[in-house]
Ligand code: CIR
């Protein structure tokens, strides 16, 4: 169960954020409405949310998940892979320091939190365009020392590991079709997201409720089989920046 979350409001300069999506520029006012609904959903699920203000000059700063990896024993402040995002970590670390012992990823290592999936005592760490081998090994060593079994996973075909894989409870993973045969996940139960709905892999389990991106009917139907409450949230503007439901918060 999570008791806290950290989020950061999207700023008026959101359209300057990094993206590979070919969906046009985000509307920052609409993004703020969507973000407000997201924060309200976390609060409704019982989390105390620390909402940081927008960080001028850091258009991607609302994607707070990339700045840290938080487990009950520790918070690891990352060194984001995109140099333009490295100024986002300090203000998040200051909040985390109130709740956890802190560790830090150091150069030449880079890690984006979006590449890190922790479920039970297993941690999958994606090696991607953002998370390099040094960063992944540093993180695996920090978490390994605290009893987590870490698995390194090459990330192909998308920004982050969590663009392809997320935990939906009961030792079950939601996996992109293109990743369904990956051996790193083979000993867990798996639900495969149809290729046309890959974005819906970015589903977030919070205290027994599944937050799902609105508009992905086939995936919603598959997830309904889990029997969990589901809440669909509009992420249209966030998606334009390669963002999803997991990346908008740190939960702990
Ligand atoms: C970026 O490219 O860094 C941002 N525009 C999107 C980051 C999304 N983060 C995530 O899914 N964890």
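Classification of the chain by its C-alpha gyration tensor yields a rounded form. The axis ratio a/c (a ≥ b ≥ c) stays under 1.5. Placing a label point 7 Å from the Cα of residue 187 along the Cα-to-Cβ direction, the residues of the range 139-171 whose backbone N falls under 16 Å from that point are 144, 147-153, 171. When peptides 195-202, 23-30 are sorted by average Cβ neighbour count within 10 Å, with the highest value leading, the order is 195-202, 23-30. Here is how the number arises for the chain: DSSP H runs of 4 or more residues each give -39500 (n - 2.57), the sum is divided by the residue count, and the result at 222 nm is -5500 deg cm²/dmol. Once both labels are positioned 7 Å from their Cα atoms along Cα-to-Cβ, the gap between residue 217 and residue 120 label points is 3.5 nm. Between the alpha-carbon centers of the range 1-54 and the range 57-101, tell me the distance in whole angstrom. A separation of 15 Å, based on Cα centres. A simple spin-label model places the labels of residue 230 and residue 170 1.4 nm from each other, with each point 7 Å out along Cα-to-Cβ. Please say if the range 181-221 is rounded, prolate or oblate, where rounded means a/c under 1.5 for a ≥ b ≥ c the square roots of the C-alpha gyration tensor eigenvalues, and otherwise the choice is prolate for a/b larger than b/c and oblate otherwise? Verdict is oblate for the range 181-221. I need the calculated FRET efficiency for the pair residue 73 and residue 44, taking r as the beta carbon distance and R₀ as 22 Å, to the nearest 0.05. Given R0 = 22 Å and the Cβ-Cβ separation, E is 0.20. Note: relative contact order over the range 47-145, using C-alpha pairs below 8 Å and six or more positions apart, is 25 percent.
DSSP bridge analysis restricted to the chain gives an antiparallel fraction near 40%, rounded to the nearest 5. At q = 0.11, 0.17, 0.19 Å⁻¹, what log₁₀ I(q)/I(0) does a Debye calculation on the Cα points of the range 1-142 give, no solvent, two decimals? With no solvent term, the Cα-only Debye profile gives -0.42, -1.01, -1.22. For the range 189-252 versus the range 105-132, the spacing of their alpha-carbon centroids is 20 Å.
Only the coordinates and a few stated rules stand behind these numbers; no lab work does. What you see is a predicted model, and the numbers here were worked out from it, not measured in a lab. Here Cβ is always computed from backbone atoms with ideal geometry, including for glycine, and neighbour counts include all displayed protein chains.
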